[in-house]
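Enquirer: Structure below; questions to follow.
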Amino acid sequence: MVQELGRLRARVEELEQTNDDLQLMLETAAEHGDELTATLEEEREDLAAMLEMTTEHADVVEDELHERAEAALRKSERQLRLLVEATPTPVFISRLTDDKLVYANTMMERLFGISGRELMDRKTEELFEEPSVCGYLLEEVQKRGSVDRHEACLIRVDGSSVWVEISVRSLEFDDEPSVLFGLHDITHLRALNQASSRFVPKEYLGFLHKENITDISLGDHVTGEMTVMFSDLRGFTSVSETMTPEENFAFINSYLSRVSPIVRQNNGFIIKYLGDGIHAIFPENADNGLRAGIDKLEEVNAYNAFRVDRDRQPIAIGIGLNTGYMMVGMVGERDRMQGDAFSDDVNLTARIEGLTKFYGTSLIISHSTYSRLADPEVYHIRFLDTVQVVGRKQALKLYEVFDADAPEMRELKKDTQGVYEEALDLYYQKRFEEAQSRLFDVLQRNPRDKPAWHHLVNATRLVDTGAPEGWTGVTVMDTK
Amino acid sequence: MNISHEDYSVNYDESSGLIQCEGSFRLRGSEEYKPILDLLLGAADAAPDHLTLDLRELKFLNSSGINTLSKFIIQVRKQPATKVLIRGSTEHPWQGKSLKNFQRLLPALELVIE
């Protein structure tokens with residue numbers, strides 16, 4: 001029993017010990033758990049703090065960068081405005097969404113003569129004389145990003161116009177898609193150019209490969225084969241004697257302003273006016289020159305109808321055309337120069353023009369012009385004579401162009417052309433009597449055919465005297 | 001110990017416990033920041049009496065950068081004997097706003113922004 005009691009006691013002690021151990025273990029485990037929890041909690045807090053810090057920092061940096069960018073933008077905007085304000089040319093900006101002006105610099109205000117505020121909110125196209133030009137510029141700048149030096153006419157508020165050269169760029173202005181217009185006032189320049197082109201036509205500048213009259217210098221020239229025209233008023237001296245100086249000027253200018261454009265229209269240009277005469281050249285081809293000659297005569301016919309209606313004397317002109325190698329350029333001295341064309345062929349053309357009086361015809365062309373026509377058959381041309389002019393040894397074949405003769409005269413010359421040319425063939429073959437009879441035929445049908453009369457007189461004289469030795473049929477001129 | 005790069009540099013003087021960061025920290029992620037972090041952790045583990053982190057010449061610090069610095073603060077916290085001073089400059093506005101947050105991780109941290 002005692003033994004049993006002792007065993008039980010020992011067992012109780014053992015169990016108590018185990019219980020203590022377990023309790024200790026439990027406590028240890030719990031404490032360890034607490035510690036772990038605390039560590040985890042701390043780490044969690046650290047991580048939360050880090051995340052917050054990082055995020056906050058990111059915000060701070062972002063703000064700072066944004067402010068810096070804004071400041072830089074404001075600075076560059078201020079600089080841009082300063083730049084645009086100080087620019088000595090008019091500049092304005094228009095908003096694309098509604099095509100309204102949103103900015104104009106001082107020069108723009110000055111150009112338009114109104115304040116910037118008054119300019120604001122105007123439609124961009126209202127500034128243009130032709131609204132379609134504005135449309136074109138906006139289209140181009142959207143297509144290509146820029147337009148440079150486009151000439152356009154703008155209209156001020158008071159209705160006056162101003163010519164400008166416009167350069168256009170697209171840009172963002174106040175966060176809106178906009179377009180910047182830079183202007184260069186060329187009103188004065190244009191007027192000056194227009195004025196100078198009256199003295200040196202732009203065709204002439206182009207011919208000398210110059211863009212501007214300021215590029216022209218003494219000695220600039222072009223050489224090559226060209227067709228020259230001289231034209232002159234017949235009997236102007238006697239007509240002008242009856243007029244006052246004012247009437248003279250009015251008459252000459254009235255005549256020249258009618259015939260001068262014809263030269264231009266036929267790709268030629270006037271080298272100079274010689275009193276009532278015109279000296280022009282046609283660099284491209286002989287047909288241009290001949291077409292201009294015929295057109296000029298037709299214009300004179302129309303002008304005469306106008307004059308006769310007003311009881312004024314009709315006028316007559318003579319035209320000579322020749323083609324040859326010549327120099328066209330600037331002559332004179334540095335401070336006073338003019339365009340001129342010169343060569344032997346130029347002088348010869350003046351002589352040919354003079355012969356229109358002698359033969360009683362209005363338009364004579366040389367063989368060199370005749371041979372360069374694309375198709376002589378499209379004109380009314382007949383052989384006129386072989387001539388040796390003063391100062392030249394070589395004889396020259398001349399042709400009469402009668403396209404601009406009065407319709408009946410033209411028809412008669414056309415009808416008799418076959419017989420007329422046969423007569424001249426016979427004449428050169430020294431068969432003067434046969435030639436004479438053919439010319440009689442011609443004159444019977446057309447008694448006012450002056451060249452036919454000229455040949456008839458010669459043929460008749462040679463029938464009587466016979467051809468002298470060395471006779472070639474060349475008409476030798478002994479006066480200019 | 002030094003780390004130097006075109007855009008930034010980190011100089012650590014062990015004898016004085018001074019860490020100077022200069023330039024702009026624009027590195028990408030913890031990977032690129034590892035050399036800098038290693039330098040900073042090494043300094044913390046050395047457990048000196050004083051550690052000074054001089055950021056006055058650090059113009060720019062990105063988010064991964066602030067993350068790296070906070071890992072350093074947590075590490076140095078494990079050495080209660082080490083006194084930590086961070087120097088910043090008012091010239092770089094972000095420093096005034098972000099650096100004081102390090103005191104959340106280490107309340108004993110001394111911060112001087114001048």
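The values are calculated or read from the model by the stated rules, or taken from the named source; none is laboratory data. Quick caveat: nothing in here was measured; it's all calculated off a predicted structure. Note that we place each Cβ from the backbone using ideal geometry, even for glycine, and neighbour counts take in every protein chain shown.
Enquirer: Pick from A:PHE282, A:PHE306, A:PHE342: which is farther than 28 Å from A:GLN388 by Cα and either in contact with a His (Cβ under 7 Å, 6 or more places away or on another chain) or among the aromatic types (Phe, Trp, Tyr) (or both)?
Expert: Just a single option satisfies the conditions, and that option is A:PHE306.
Enquirer: Looking at region B:6-24, can you tell me whether even one residue there is under 20 Å from A:MET50 (Cα atoms), surrounded by 13 or more Cβ atoms within 10 Å (Cβ to Cβ) and within 14 Å of chain A (Cβ to nearest Cβ)?
Expert: no
Enquirer: OK, next. When the residues of region A:329-363 are filtered to those that are in a helix (DSSP H, G or I) and of a type in the set (Asp, Glu), which remaining residue is farthest from A:VAL300 (Cα to Cα)?
Expert: A:ASP344
Enquirer: I would also like to ask the following. Being of a type outside the set (S, T, N, Q) and over 29 Å from A:PRO407 (Cβ atoms) is the requirement here; does A:PHE306 meet it?
Expert: no
Enquirer: Show me the strands (runs of 3 or more DSSP E) found entirely inside region A:106-206 where at least 2 residues are touching a residue at least 40 places away in the same chain (Cβ under 8 Å) and either in the same structural domain as A:PRO90 (by TED's automatic domain parsing) or under 24 Å from A:ARG81 (Cβ atoms) (or both).
Expert: Hits in region A:106-206: A:161-173, A:176-185.
Enquirer: While we're on this one: Which residues, taken from region A:431-463, are farther than 22 Å from A:VAL389 by Cβ and either out of contact with any helix residue (DSSP H, G or I) (no Cβ under 9 Å at 6 or more places or on another chain) or touching a residue at least 60 places away in the same chain (Cβ under 8 Å) (or both)?
Expert: A:GLN444, the sole residue that qualifies.
Enquirer: When you scan region B:36-68, how many residues do you find that are in a helix (DSSP H, G or I), modelled with pLDDT of 90 or more and over 13 Å from the mean Cα position of the chain (by Cα)?
Expert: Residues in region B:36-68 being in a helix (DSSP H, G or I), modelled with pLDDT of 90 or more and over 13 Å from the mean Cα position of the chain (by Cα): 1 in total.
Rundown of residues vs (1) of a type in the set (S, T, N, Q); (2) more than 13 Å from chain A (Cβ to nearest Cβ), yes/no style:
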residue	(1), (2)
B:GLU57	no, yes
B:ASN62	yes, no
B:ARG77	no, no
B:VAL84	no, yes
B:PRO93	no, no
B:LEU99	no, no
B:ALA108	no, yes
B:LEU111	no, yes
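Enquirer: Counting just the residues of region A:231-262 that are part of a loop (DSSP other than H, G, I, E, B) and either of a type outside the set (Val, Ile, Thr) or at pLDDT 85 or above (or both), which one comes out surrounded by the fewest Cβ atoms within 10 Å (Cβ to Cβ)?
Expert: Only one residue tops the list, namely A:THR244.
Enquirer: Determine if region A:65-88 includes at least one residue that is away from chain B (no Cβ under 14 Å), loosely packed, with under 12 Cβ neighbours inside 10 Å, more than 18 Å from B:LYS59 (Cβ to Cβ) and in contact with a helix residue (DSSP H, G or I) (Cβ under 8 Å, 6 or more places away or on another chain).
Expert: yes
Enquirer: Could you please find all residues in region A:160-207 being touching a helix residue (DSSP H, G or I) at 6+ places or on another chain (Cβ under 9 Å), farther than 26 Å from A:TYR103 by Cβ and basic (Lys, Arg)?
Expert: Hit for region A:160-207 is A:LYS202, nothing else.
Enquirer: Within region B:41-53, does at least one residue satisfy the condition of being within 13 Å of chain A (Cβ to nearest Cβ) and either closer than 17 Å to A:VAL60 by Cβ or touching a helix residue (DSSP H, G or I) at 6+ places or on another chain (Cβ under 8 Å) (or both)?
Expert: No, region B:41-53 contains no residue that is within 13 Å of chain A (Cβ to nearest Cβ) and either closer than 17 Å to A:VAL60 by Cβ or touching a helix residue (DSSP H, G or I) at 6+ places or on another chain (Cβ under 8 Å) (or both).
Enquirer: Another question, if that's okay. Looking at (1) surrounded by 12 or more Cβ atoms within 10 Å (Cβ to Cβ); (2) over 22 Å from A:ARG190 (Cα atoms), which is the one condition that is false for A:ARG144?
Expert: (1)
Enquirer: Hey, among the residues in region B:68-81 that are among the polar types (S, T, N, Q) and crowded, with 19+ Cβ neighbours inside 10 Å, which one's farthest from B:LYS34 (Cα to Cα)?
Expert: B:SER70
Enquirer: Moving to a separate point now. Can you say whether A:LEU101 is surrounded by 10 or more Cβ atoms within 10 Å (Cβ to Cβ), away from chain B (no Cβ under 14 Å) and farther than 30 Å from B:PHE60 by Cα, as far as the supplied structure shows?
Expert: Against the criterion (surrounded by 10 or more Cβ atoms within 10 Å (Cβ to Cβ), away from chain B (no Cβ under 14 Å) and farther than 30 Å from B:PHE60 by Cα), A:LEU101 qualifies.
Enquirer: Please work out which residue is farthest from B:ILE74 (Cα to Cα), limiting yourself to region A:8-52 and to residues that are away from chain B (no Cβ under 14 Å) and of a type in the set (Ser, Thr, Tyr).
Expert: So the residue we want is A:THR18.
Enquirer: Sticking with this one: Can A:ARG95 be described as among the basic types (Lys, Arg), in contact (Cβ under 8 Å) with a residue 40 or more places away in the chain and crowded, with 16+ Cβ neighbours inside 10 Å?
Expert: yes
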